[in-house]
Every structure is written in structure tokens, then in C-alpha cells.
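To start, the structure under review is shown below, and the notes come after it.
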Amino acid sequence: MDYKPKAYSIIFARSLYALNWFDIAPALKYISIDLNINVIKIGLVTTSFYIGLALFQLVGGSLAHRIGNLVVSVTGLTILGLAGIFSGLSGNFIELSVSRFMAGAGSALFFSPALGIISDIVPVDRYGSYVSVYNGAFSFGAGTGIFAFGYLDTVSGWRISLVIGGALLLIADLAMFLMIRGGNTKVRRPMKELITAVKKPEIWILPVVTVGSAISETIMGQLFVYYLEEYRHFPAITASAAGSFFLFVGLPGGFISAYIIRRYSKKIQVASLLAVMGLIFFLVPFEVNIIEILTTLFAFSVLSIYGFSYLYMEASMINKSAVSFSLSIVNFVQMMISSAIPYLYTYAIYSISIMLAGICWA
């Protein structure tokens with residue numbers, strides 16, 4: 001079978017994978033009412049997802065290296081899909097937090113092994129193009145999750161929305177498995193390649209330098225809709241549309257970030273990324289109309305995608321024999337840092353004010 005249907009089955013699964021990350025964002029307001037939980041616990045629910053995502057990054061990368069990318073990827077999507085369904089069936093804060101933790105764990109098992117599959121089946125000269133589409137699919141799926149499911153929440157309720165999101169992913173997971181099974185998906189077994197990757201200092205430094213991208217995706221993607229509804233009193237549909245705009249911009253943002261990477265030196269890139277993202281985040285609490293907010297979201301999204309593109313490009317070159325594991329290391333570092341942000345940010349809002357919370361994190 002031609003490699004294109006196989007590659008696009010992974011890309012399609014990637015879009016629904018992203019949808020199951022962010023379909024909970026427009027539901028947080030309704031969840032807080034139905035389960036009677038305050039803004040701090042909302043932050044903990046979001047944080048539990050990122051804890052699972054962080055803790056299982058290295059597990060996913062090392063398992064893929066030992067037993068194969070396909071087995072790990074399919075397992076990860078299955079866990080994520082089931083966790084999405086159980087999130088919708090949760091009856092209290094503990095059940096929801098555990099479900100989101102498992103969703104994060106399943107997500108971690110999919111990302112780098114799926115890129116490994118694409119690396120195995122796509123010709124070398126086409127790999128870069130497919131990676132760009134793979135990343136664009138995440139933005140598209142995430143944006144769809146916030147916008148479409150923001151509307152679905154108002155029609156059918158948040159529980160049915162989350163169940164539908166999980167069920168759709170399980171269907172995509174099965175389709176991906178049927179398309180790829182029996183193909184030439186290499187298994188790279190030597191453990192010394194993993195040890196070599198771990199010893200590279202740059203693989204630990206790069207994710208720290210670009211951690212602003214992970215933090216912005218965490219707060220803007222997961223909590224921004226709730227922020228607009230609860231603290232800016234935007235209608236649910238408008239808030240969901242603004243949240244999805246941040247993610248949809250990631251698609252053209254990939255091309256813009258590619259231009260930035262080619263045009264400017266690395267030192268200028270990194271320094272500008274940190275400075276501009278900090279300034280933008282400082283301005284968010286002071287913005288009062290939708291035009292200002294959308295302008296900020298556009299800039300934030302492009303810079304966030306740039307940070308991820310720069311990180312993955314550099315990380316993939318560190319150890320060519322263990323790309324999946326190298327990517328899992330940089331994701332692990334970023335997720336460990338950003339996993340606490342939702343709780344700390346919502347705690348700052350609850351204890352101080354929305355204005356000072358934005359200033360503190362800038």
C-alpha cells in the first residue's frame with residue numbers, strides 16, 4: 001500500500017487526539033457548576049492532565065524504542081479515548097481528575113511514537129512536509145474541539161460532548177491500526193542509543209529555553225475560554241470562538257515560524273521569543289474588547305508554534321538513531337514545568353486577582 005493513506009491515517013488520528021485535549025476547555029464552566037468545584041479545583045483538573053502527560057513521556061519514548069512505534073501509539077490513543085469517555089461520566093472532582101490524568105498518560109504514549117511511524121513509512125525527502133502537516137493537524141483538531149464542542153456543550157451538555165470526543169478518537173485509532181499493521185514500522189532496540197540521547201546536555205536545555213510555548217498552550221488553550229466567560233462575561237459561543245482562534249492560528253503560524261527560523265539567528269530568535277511572550281501575557285488581563293484579545297491571541301499563537309517548531313527541529317537533530325526518545329525527553333521537561341501552571345495560575349486568580357495573576361506570570 002502507498003505510504004500516503006497510512007501517513008494521513010496518523011494525521012487524522014492526530015487531529016482527534018488534539019480534540020480530546022481541548023474539548024474540555026469550553027466545558028469547564030458547566031463542570032464547575034454541576035460538580036460544585038471552585039476555580040482552584042478547575043486548575044487542579046487541568047493540571048492532572050499535564051501531570052499524566054509529563055510522567056509518561058519517557059515511558060512512551062522508551063517503549064517505542066523497544067517494542068515498536070505502532071503498538072505504543074495505538075495503546076496511547078485507546079487510553080486517551082477511554083479516558084475522554086470516562087471524563088464525561090465522572091460524578092465528582094476525584095473521578096474527573098483521575099480521568100484527566102489517564103487522558104494525559106495516553107496522550108504521552110502517542111506523540112513521539114506516531115512521529116516515529118511517519119519517519120519509518122514516509123520517504124526522507126518528504127518527511128519535513130508530513131511533520132508540518134502533522135503539527136498543523138493538532139492545531140486544527142484543538143481549535144475544532146474548543147469551537148464545535150463549545151456549541152455542543154450548550155445543546156447536549158458537557159458530559160455527552162466528552163463522550164462523543166472519546167468515541168470519535170477510538171474510531172480513528174482503529175482505522176489507523178488497520179491501515180498500518182503489517183507494514184514496515186521499524187523497531188529500534190539497542191538501549192545504548194537511549195543512554196547516548198540522555199547524555200546530551202542540549203536536550204535538557206532546549207525545552208527550558210522554549211518552555212514559554214508549553215506554558216502559553218497550557219493556559220491559553222485550556223483555561224482561556226473559562227477566563228473569558230467567568231471574568232470577562234463573554235457569551236459561551238464568543239469565548240469558545242476566541243479560544244479556538246488561538247489554536248487555528250497555529251496552522252498558518254507554522255509557516256510564519258518557519259520563515260522566522262530561516263531569517264534570523266538562533267540567539268535573536270530565543271531572546272525575542274521570551275521577551276515578546278512575556279510582554280503579551282502581561283497585557284492580556286488589561287484587554288477589554290474582542291479586537292484587542294484576538295490580536296494578542298494571534299501573536300501568542302504564532303510565537304508558541306515557533307517555539308515548538310524550533311524545539312522539535314533542534315531536538316530531532318541531536319540523536320538521529322533515537323528521534324522518538326529524544327522528542328519524549330524534551331516534552332517531558334516542558335510538561336514537568338508547565339503541568340503546575342494551571343493550578344498556580346488559578347490559585348493566583350482566586351487568592352489575589354486576575355490582573356495580578358497575569359502580571360506575576362509575565
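Below is a table of values for the structure above.
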{"quantity": "Full-stretch length increase - E95, F12 - with 0.36 nm per residue and alpha-carbon distance subtracted", "calculated": "27.0 nm"}
{"quantity": "Nitroxide proxy distance, nm - points 7 Å out along Cα→Cβ at K200 and I171", "calculated": "4.0 nm"}
{"quantity": "Average projected area [Cα convex hull, the range 1-126], square nanometres", "calculated": "8.2 nm²"}
{"quantity": "Cβ-Cβ FRET estimate between Y151 and D2, R0 fixed at 30 Å, reported to 0.05", "calculated": "0.25"}
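Bear in mind that the values in this text are calculations on the coordinates, not laboratory data. Note that the structure is predicted; figures quoted are calculated from it, not measured. So basically every Cβ, Gly included, is an ideal-geometry build from the backbone, and we count neighbours across all protein chains shown.
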